[in-house]
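The values are calculated or read from the model by the stated rules, or taken from the named source; none is laboratory data. Every value quoted in this text rests on a predicted model; they were computed, and no experiment measured them. Ideal geometry is used to build each Cβ from the backbone, glycine not excepted, and the neighbour counts take in all protein chains shown.
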Amino acid sequence: MSGALDGVRIIDMTAVGMGPMATQMLGDMGADVIKIESQEGDVFRHVMPQRNPSMSHAHLNLNRNKRSVVLDAKTEEGVKLLKELIGTADVFVSNMRAPAMRRLGLDADTLLKEFPHLIHCSCYGYSEKGPYAGRPAIDDTIQAASGLAWLQGAAGNEPPRFVNSVVADKVVGLYVTQAITAALYARSNTNAGQAIEVPMFECMVSFMCVEHLAGRTYEPPVGEAGYARLLNQYRRPFKTKDGYMSVVPYTAAQWRRFFELTGKPELADDEKFKTAEARSGHYDLLYQYVEDVLGAKTNTEWTSILISADIPFAPVNSIDDLLRDPHLKHINFWQSVEHPTEGSLIQAGLPIYFSKTPSSIQRHAPNLGEHTKDFVSKD
């Protein structure tokens, strides 16, 4: 069966993490993705480790189900060839900053005049509608700007810290995928293309403020920003007898069962813990209690107890643990593939299930310019 986006062609002029993650997801769902690169290639091709030049682990994990075409979009001939490709496509997506796109004549206003059915998606640091327009941005700077680094520093009570993941790139990559699929649906009803702007700063501020706007949600404010449960100093993986676990009773019934199984059933009727409102003011005491009792048993013992009690928990896994995880093994999540130049690889599988239009892996991550000859004639 074909993927959900079978028949959709995407010209992908993105690099690093955000754009390539988005277009890989679209490719997994059946879209024909043509990755446009310079002679040097996407910068993420060159990070370590790698077996061969320009074929880094990051490139392999972000660019399957794509073809690579090398063009010099800074030249008149390169732009001409790129526009010919765009003319065959449904979507053009780029994470170049807007001033550069305008200089090249690849901005939405220009391209939509020539290709009125095109979906033109721009994803970059800051919206062109505000005073930060045109500023350079990468994951770290957006973590700082969006409030995420401040929140990781206990909302200002500790030095700010970054999340040890390119989380802004990956989160906004999901916004890009969502925006493009929504625009494709809209075009199926209207037969009209449109311009999409997906700015990292605004997306991450929206993402972070779901729970952390907190008391500032109201006018006048009824409290400070920051969701108390998440900023609790005891919110962390807890030490057991032989490892670490996250254990999070959440509902009143779960807390009651946890107090019972740890020998303190009377705590369920304590005024500090009896209702959700009361518990929200005493997360530090609750989580300190969890930490105190978990050290008495092993991970295996707690797993059996907590499954029986239907209380949310998870052991702390390393990446190596995930490669051995029995659930992931059972569902064949990890894919062993043979790449024509990179040899044997392990890749994360396709986490989303479609009953009628399944996602699939049809192409390996391409070598730089591997498909140029398929699209650009050599005179």
Given PRO358, PRO340, PRO326, PRO351, which one is in the same structural domain as ARG64 (by TED's automatic domain parsing), over 17 Å from MET25 (Cα atoms), out of contact with any Cys (no Cβ under 7 Å at 6 or more places or on another chain) and not aliphatic (A, V, I, L, M)?
PRO340
Within region 131-167, the residues that are at positive phi, outside any loop (DSSP other than H, G, I, E, B) and free of Cβ contacts under 8 Å to residues at least 40 places away in the same chain are GLY156
In region 239-250, what residues are surrounded by 19 or more Cβ atoms within 10 Å (Cβ to Cβ) and either of a type in the set (Val, Ile, Thr) or assigned by TED's automatic domain parsing to the domain that holds ALA133 (or both)?
THR240, VAL247
Condition first: in contact (Cβ under 8 Å) with a residue 40 or more places away in the chain and on the phi < 0 side of the Ramachandran plot. Now tell me which residues in region 178-193 satisfy that.
ALA179, ILE180, THR181, ALA183, LEU184, ARG187, ALA192, GLY193
Go through the residues of region 16-33 one by one and say whether even a single one is polar (S, T, N, Q) and not in a helix (DSSP H, G or I).
no
When the residues of region 206-229 are filtered to those that are of a type outside the set (Ser, Thr, Tyr) and farther than 20 Å from ALA145 by Cα, which remaining residue is surrounded by the most Cβ atoms within 10 Å (Cβ to Cβ)?
ALA228
Can you tell which of LEU85, LEU81, LEU71, LEU26 is surrounded by 15 or more Cβ atoms within 10 Å (Cβ to Cβ) and either under 22 Å from the mean Cα position of the chain (by Cα) or over 21 Å from LYS373 (Cβ atoms) (or both)?
LEU26
